[in-house]
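K.L.:
My questions will all concern the structure given below.
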Amino acid sequence: MSWTSPVTPPATPKDGVPCVDTGGAGDKGATAGGVRAGPFGQTMKGQRGGVAKLWVAQDPYRGAADALIKVDHVNSGTVAYYVRDKAATATPLDDDGKPLPEPMYPGSIMLPLEGTVRITVTIGDSSGCFVVRL
């Protein structure tokens, strides 16, 4: 579900949250500001104009916290917020079935049909920004 208000906006460093271009990130995801998110490849672009899977993860050496996701459609100025509860994290497994050290926050977001989307993810004191071009 998404909320447009009332929520606390993501923490923003004095010089802003640096954004990474996800154009080459693919389905493995991207990392920015102590936050990892994805998939950004054909999986996300193929679902534009509707529900798209977006998993986020925090730096494994920080304590669990709720995740706040801000999805900003740059072209229209439309903003949606999504909250992922720290209790709903999943622990992914590697190819050998061993737990990875990075708990994931699974879920979905809504995307517009086209344009540029800035996705800002804040988990605890970590914030990362990811630019997706649809």
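K.L.:
Has region 68-90 got any residue that is at pLDDT below 80, part of a strand (DSSP E or B) and over 17 Å from Asp21 (Cβ atoms)?
P.N.:
Just the residues of region 68-90 that are at pLDDT below 80, to begin with: 86-90.
Those left that are additionally part of a strand (DSSP E or B): 90.
Imposing the further condition that a residue be over 17 Å from Asp21 (Cβ atoms) reduces the set to 90.
Yes: one or more hits.
K.L.:
How many residues are surrounded by fewer than 24 Cβ atoms within 10 Å (Cβ to Cβ) and in a strand (DSSP E or B) when one looks only at region 121-130? Talk me through it step by step, then tell me what you get.
P.N.:
Looking only at region 121-130, we keep the residues that are surrounded by fewer than 24 Cβ atoms within 10 Å (Cβ to Cβ), and these are 124-127, 129.
From the residues that got through so far, the ones that are in a strand (DSSP E or B) too are 126-127, 129.
So the answer is 3.
K.L.:
Another question, then. Within region 96-104, can one find any residue that is surrounded by 14 or more Cβ atoms within 10 Å (Cβ to Cβ), modelled with pLDDT of 85 or more and of a type outside the set (S, T, N, Q)? If you could, list the steps in order and put the result at the bottom.
P.N.:
Applying the first criterion (surrounded by 14 or more Cβ atoms within 10 Å (Cβ to Cβ)) to region 96-104 yields 102-104.
Next, from what is left, pick out any that are modelled with pLDDT of 85 or more: none.
No - not one qualifying residue is present in region 96-104.
The values are calculated or read from the model by the stated rules, or taken from the named source; none is laboratory data. Note that the structure is a prediction, hence the values are computed from the model and not measured. Cβ coordinates were reconstructed from backbone atoms using ideal geometry, including for glycine residues, and neighbour counts include every protein chain displayed.
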